[in-house]
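Novice: The structure under discussion is supplied below as structure tokens; questions concerning it will follow.
The values are calculated or read from the model by the stated rules, or taken from the named source; none is laboratory data. Note that the structure is predicted; figures quoted are calculated from it, not measured. Cβ sites come from the backbone with ideal geometry, for glycine too, and all protein chains shown count toward neighbours. For accessibility, only protein heavy atoms count, side chains too; no ligands or nucleic acids. Shrake-Rupley method; radii C 1.70, N 1.55, O 1.52, S 1.80 Å.
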Number of protein chains: 2
Amino acid sequence: MAGTHNEGGAAPVGEAGYGGPQVCKLIGISYRQLDYWARTGLLRPSVADARGSGTKRLYSYRDLLELKVIKQLLDAGISLQSARRAVDCLRQDLGADLPSAKLVLTEGRSVLAQTNGEVVDLLAGGQGVFNIVPLSGVVDELDAAIVELGGSRGQEPALGWPAAAGAGRERSREGSSRG
Amino acid sequence: MAGTHNEGGAAPVGEAGYGGPQVCKLIGISYRQLDYWARTGLLRPSVADARGSGTKRLYSYRDLLELKVIKQLLDAGISLQSARRAVDCLRQDLGADLPSAKLVLTEGRSVLAQTNGEVVDLLAGGQGVFNIVPLSGVVDELDAAIVELGGSRGQEPALGWPAAAGAGRERSREGSSRG
DNA sequence: CCGCGTAACTACCCTCGTGTGACTTCCTCG
DNA sequence: CGAGGAAGTCACACGAGGGTAGTTACGCGG
């Protein structure tokens, strides 16, 4: 279905990235929300941002991950401001093995815990509230959504990247020059 | 200011409870916040609510605990709506040993975990975001605040709750010990 | 006994963040 | 060059309070 044009499903056009409306379907947010986040600087598309009314925003898979985390946090009743800190933390650990990690947010500090032991350790020593995001679920749901929307394309939805710990996974296409 | 009132510190007058401004100091919120919460029904004083402009709201120690939990959640960037659910959960487990428990909130479900094992178990099976509130810290901080504001009275920081609820639950609530 | 002062609660209006809808503009593809 | 879709813009809504003035219940002094 929708196999006529290459924009019919959720798969990125070649290597370009994911367009705005596609991202909305994949993440499960409204377009206005995505637009708002992009305009307020919470998360701007890393492949290509808009340069006018007629252009397209292009999001990378990494962007999708961050968006999904933000949505999870919002669903859990956490404010955008806190979600922003969470994404910040996510960006610092670029090489982490995300599917096996948990994002642990406390007041003033946010860390990526790679094992359950770390989480328990943090829990034992902390006083405030903990917000814990198991990233496995995030990656899983996102992947499932990608497959569901455009899986029949025979195009890999960008999941072969857990070997990114210290490795250069520089397959991003920064070719589009701004005007 | 003519020293007309006897409540110089934080200790409740006899069995009355804690007044509004006192609660603000104890919990660390603004009066407007407390007022807003009372008006919107998030947490109304259980000893005596206001019946006009000249009357006083009187909060019980249990109210203070719930307020403190709410404030912790707010500090962690959690919305009032979610905090409302947390307090709801707290009210269901009236007889629980709060200082040793942790409040675990997930999307759609909120439970009181009495042991760390329960928390780990919940973490292992869940997908969404977890908000974990160690109540030991809550009780501890609240107790310290009460002692600090009214400590010179040599009075018990917390008094027995009024039997307004009708149920006589004599738990050992003395918050000096924590798990 | 009654007014006064003050402490508390209340009402009203405003702000800020976080969106949402409607409508416009304008780029890109064919 | 025309059609269509995507970003932009403006107005508005709603939650969560802040500020301030008004209103009422006390207690006290005259």
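Novice: Please enumerate the residues belonging to region B:57-79 that are of a type in the set (Gly, Ala, Ser) and within 11 Å of DNA strand D (Cβ to nearest atom).
Specialist: Within region B:57-79, just B:Ser79 meets the criteria.
Novice: List, please: which pairs have Cβ atoms under 7 Å, are six or more places apart or on different chains, and start with a residue in region A:18-40 that is more than 14 Å from chain B (Cβ to nearest Cβ) and without any contact (Cβ under 8 Å) to a residue 40 or more places away in the chain and end with one that is within 8 Å of DNA strand C (Cβ to nearest atom) and open to solvent by 10 Å² or more (accessible area, probe 1.4 Å)?
Specialist: Within 7 Å, the pairs are A:Gly20/A:Tyr31; A:Gly20/A:Lys56; A:Pro21/A:Tyr31; A:Cys24/A:Ser30; A:Cys24/A:Tyr31.
So that you can scan it fast, the table gives a plain yes or no per residue for (1) at positive phi; (2) modelled with pLDDT of 95 or more; (3) near DNA strand C (Cβ under 10 Å from one of its atoms):
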site	(1), (2), (3)
A:Ser30	no, yes, yes
A:Tyr36	no, yes, yes
A:Val47	no, no, no
A:Gly77	yes, no, no
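Novice: Please work out which one of (1) modelled with pLDDT of 85 or more; (2) open to solvent by less than 70 Å² (accessible area, probe 1.4 Å); (3) more than 10 Å from chain B (Cβ to nearest Cβ) is the condition A:Pro157 fails and give its number.
Specialist: (1) is the only condition that A:Pro157 fails.
Novice: Taking region A:86-110 only, how many residues are basic (Lys, Arg) and either within 11 Å of another protein chain (Cβ to nearest Cβ) or assigned to a strand (DSSP E or B) (or both)?
Specialist: So the count comes out to 2.
Novice: Restricting to region A:64-81, and then to whatever is open to solvent by less than 10 Å² (accessible area, probe 1.4 Å) and outside any loop (DSSP other than H, G, I, E, B), can you tell me which residue is nearest to B:Gln72 (Cα to Cα)?
Specialist: A:Ile78
Novice: To continue, here is another question. Among the residues that make up region A:6-20, is at least one of them within 15 Å of DNA strand D (Cβ to nearest atom), open to solvent by 20 Å² or more (accessible area, probe 1.4 Å) and either at pLDDT 95 or above or outside any loop (DSSP other than H, G, I, E, B) (or both)?
Specialist: Looking for residues that are within 15 Å of DNA strand D (Cβ to nearest atom), open to solvent by 20 Å² or more (accessible area, probe 1.4 Å) and either at pLDDT 95 or above or outside any loop (DSSP other than H, G, I, E, B) (or both), one finds none in region A:6-20, hence no.
Novice: If we keep just the residues of region A:37-56 that are open to solvent by 40 Å² or more (accessible area, probe 1.4 Å) and within 21 Å of A:Val138 (Cβ to Cβ), which is farthest from DNA strand D (Cβ to nearest atom)?
Specialist: Ranking the candidates gives A:Ser46 first.
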